[in-house]
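Notes follow the structure.
The values are calculated or read from the model by the stated rules, or taken from the named source; none is laboratory data. This structure is a prediction, so every number in the text was calculated from the model and none was measured. Here the Cβ positions follow ideal geometry from the backbone for every residue, glycine too, while neighbour counts run over all protein chains shown. All accessible areas refer to the heavy atoms of the entire protein, side chains included, with ligands and DNA or RNA removed. Shrake-Rupley method; radii C 1.70, N 1.55, O 1.52, S 1.80 Å.
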Amino acid sequence: MSNTILRVGSVTFVFALWWGFSILNQHMKFFPPAMIPSPPEVIEAGWGIRDKVPSDVLISLIRVFEGFVIAAVLGIFLGCLSGTSRVAENLIDPVLEILRPIPPLAFLPIFIIWFGLGELSKVLMIAFASFFIIYVNTYQGVRYADPLLMRAARSLGAKKRASFFTIGLPSAMPEIFTGLRLGAGMAFFVLVAAELLAADNGMGFRIQEARWQFRVDRMFFGAALIGVVGFVLLGALRRLEIRLLAWKPSRDEAR
Amino acid sequence: MSVNLTLANVDLEYGSGKERVIALTDVSIQIKAGEFVSIVGPSGCGKSSLMNMVAGFLSCSGGTIKLGNESISGPGADRGVVFQEHALFPWMTVKQNISYGPKVNGWSKKNIDARVAELLDLIGLAGFANAWPKQLSGGMKQRVAIARALANRPEMLLMDEPFAALDAQTRRMLQDELLRIWEKTGTTILFITHSIDEATLLSDRVAVMKANPGEILDVISLNLPRPRDENSNEFLEARRRVSELLKRASNPI
Ligand SMILES: Nc1ncnc2c1ncn2[C@@H]1O[C@H](COP(=O)(O)OP(=O)(O)OP(=O)(O)O)[C@@H](O)[C@H]1O
Ligand SMILES: [Mg+2]
């Protein structure tokens, strides 16, 4: 209960700070007033482009979703391979460790040359960006699955393969979920970057468009929209995680 | 169900070259079907190693381990294992934990359900069938672990200090419960413990081991009637025999 109060309180406080400062700025003119719009002005700006919002959100979500699904399937599959087989680990892991430090945005120009300005290059870049964190978490989770539990399963008659699917993989679920959550955040992060650079629709593009129009209020609205959508998306994932991992002793119970 | 466990001249080494550790040398013992045998010995003498070989988690460097006429070549459903930590699968309910063995061994759903119900009854946790391990006390978890190990109707039960992590009162309760279960199921039990009292209370025979290198010093037949009275003279005398041998095992010469 008091957790909720603190959370709501802190969000309200920051919001009030912004509002207060924009009002102050309108009187004191530290900056041109149009540079720091107040919350009502931002909402008004959003209202002004309301016919574009649903299709922007939709197209952005489709991009994130497609990229994320590709990343999740590949990341979990390769992570399981690396986590269970020494040979696979030696084949897969070094290659990925070399690719990993390269910022995904560095690949966007290459993808655009290869796949054109269409959806494919953006989706692939999103997939590329969120793949690694999913792979690494799956790999670690499977690799370090509790050997005691594996022994228990084997002594109960489970063969190697069965013990992976019934024990190794489920016991790595918390790590896999952490990977998925971080991967989704990553996907969202590069989505906006990709849309700023190479798109003619979507939430990120709308901010870019507002920049060309010198409409800071619309830029604020675009940023706020991305924040809200991301918040809802990650919140939903978190909910799902809590439900699926209800068996796990939580932080409060562990005390 | 009437198969003996036979260890003949078993050796075990860990590592190789400079890191070579001789954990066990020339261990021989035969355990009869239905017998309750405990192993005691100083820390590091190789009790867990011995049990891990019988369980099939480790293979011996020399000698043979046979269950009946079959050499042990890996873990299997004919030997149930209970570990010091409960080792329950945390994402499975009590019922799912107990049914895991029968399920991977392809039992029919009807037989699984009947077996689970029977075992829940045996350990007195019928009301917790759908609870998660995190919702159980330490003693309850270890009871479920015992039920899970029994589910396949194994020839024998291997227990590595199963009650060491419990408080004295709970441990006492589980000891009685284990005896009741043993008498009812007739399973052979190989039981590792640090406690002389526990070994004397539970076992038909007690094998005393010494360390560096690990070997069996002697095996004591207790010949005590059951149920046992911990304050009777016979009990105290038997306890003293175990204790003296263990003292010799701990301070050689
Ligand atoms: N995986 C391993 N690698 C190398 N040496 C090991 C390994 N496991 C055990 N040992 C060594 O083998 C010896 C026996 O260990 P073991 O765990 O079987 O003893 P224990 O009698 O069960 O001891 P405790 O009573 O403390 O549980 C010890 O000297 C230990 O250091
Ligand atoms: Mg041990």
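Starting from the Cα of residue B:169, step 7 Å toward the Cβ, then list every residue of region B:113-148 with an amide N under 19 Å from that point.
B:136-143
In whole Å and largest first, what semi-axes does the C-alpha gyration tensor of region A:52-248 yield when each eigenvalue is scaled by 5 and square-rooted?
38, 19, 11
How large is log10 of I(q)/I(0) for chain B at q = 0.16 Å⁻¹ when the intensity is taken from the Debye formula with one equal scatterer per alpha-carbon?
At q = 0.16 Å⁻¹ the computed log10 ratios are -1.22.
Heavy-atom accessible surface, probe 1.4 Å, ligands and DNA/RNA ignored: which residues of region B:43-68 lose at least 50 Å² versus the isolated chain?
Listed in order, they are B:57.
Step through the table entries B:32/B:95; A:159/B:109; B:47/B:95, compare each Cα-Cα distance with 23 Å, and write down the pairs that go over it.
Distance filter (> 23 Å) returns B:32/B:95; B:47/B:95.
Please report how far the C-alpha centroid of region A:1-65 lies from that of region A:77-144, rounded to the nearest whole angstrom.
Cα centres, region A:1-65 to region A:77-144: 35 Å.
Nearest 100 Å² is fine: how much accessible area is buried between A and B, summed over both sides, with a 1.4 Å probe?
By this definition, chains A and B bury close to 1900 Å².
Could you give the accessible area per residue of region B:79-134, probe 1.4 Å, as a whole number in Å²?
I get 44 Å² per residue for this part.
What ratio of Cα Rg to 2.2 N^0.38 Å holds for region B:1-150?
Dividing the Cα Rg of region B:1-150 by 2.2 N^0.38 Å gives 1.20.
Checking the table B:66/B:247; A:160/B:134; A:160/B:141 against a 29 Å threshold on Cα-Cα, which pairs fail?
Those over the limit are B:66/B:247.
If I take every Cα pair under 8 Å that is 6 or more residues apart in chain A, average their sequence separation and divide by the length, what percent do I get for the relative contact order?
Once normalised by length, the contact order is 23 percent.
Averaged over peptide B:81-90, how many Cβ atoms belonging to another chain are found within 10 Å of each residue's Cβ?
5
Could you pull the Rg and Dmax for region B:72-161, using just the Cα atoms, both in Å?
Values for region B:72-161 (Cα only, Rg and Dmax): 12.3, 38 Å.
For helix A:39-48, what angle does its Cα long axis make with the longest principal axis of chain A, in degrees from 0 to 90 and rounded to 10?
On a 0 to 90 degree scale, this one is about 90.
Calculate what fraction, in whole %, of the accessible area of region A:64-122 sits on carbon and sulfur atoms when a 1.4 Å probe is rolled over the protein chains.
Answer for region A:64-122: carbon and sulfur cover 79 percent of the accessible area.
Just the accessible area per residue of region B:135-247, please: how many Å² with a 1.4 Å probe?
42
Tell me, which residues of region B:94-138 get at least 50 Å² less accessible area when the other protein chains come in, versus the chain alone (1.4 Å probe)?
Those are B:100, B:134, which lose 50 Å² or more relative to the chain on its own.
Run the helix sum for chain B: -39,500 (n - 2.57) per DSSP H stretch of 4+ residues, divided by residue count, reported at 222 nm to the nearest 500 deg cm²/dmol.
Theoretical 222 nm ellipticity from helices: -11000 deg cm²/dmol.
Once fully extended, how much extra length lies between residue B:66 and residue B:231, figured as 0.36 nm per residue of separation less the alpha-carbon to alpha-carbon distance?
Separation in residues times 0.36 nm, less the Cα-Cα distance, equals 55.6 nm.
Nearest-5 percent of antiparallel DSSP beta bridges in chain B?
Expressed as a percentage, antiparallel bridges in chain B total about 55.
Find how much the distance from residue A:237 to residue A:77 grows on full extension, using 0.36 nm per residue of separation minus their present alpha carbon separation; answer in nm with one decimal.
55.6 nm
Looking at region A:1-88, which trypsin sites (Lys or Arg not before Pro) are DSSP coil and have at most 16 other C-beta atoms within 10 Å of their C-beta?
Answer by residue number: A:29, A:50, A:52.
Residue by residue, what Karplus-based ³J(HN,Hα) values in Hz, rounded to whole numbers, does region A:129-135 have, using 6.51, -1.76 and 1.60 with θ = phi - 60° and x for Gly and Pro?
Result, ordered by residue: 5, 8, 4, 4, 5, 5, 4 Hz.
Based on Cα positions only, what radius of gyration and what Dmax would you give for the protein assembly as shown, in angstroms?
31.8, 99
What percent does the relative contact order of chain B come to when contacts are Cα pairs within less than 8 Å and at least six residues apart?
26
For region A:226-236, in order, what is each residue's ³J(HN,Hα) by Karplus, 6.51 cos²θ - 1.76 cosθ + 1.60 with θ = phi - 60°, in whole Hz (x at glycine and Pro)?
Going residue by residue, I get 4, x, 5, 4, x, 4, 5, 4, 5, x, 5 Hz, with x marking Gly and Pro.
Can you give me the accessible area per residue for region A:1-48, using a 1.4 Å probe, in Å²?
For region A:1-48, the per-residue accessible area is 78 Å².
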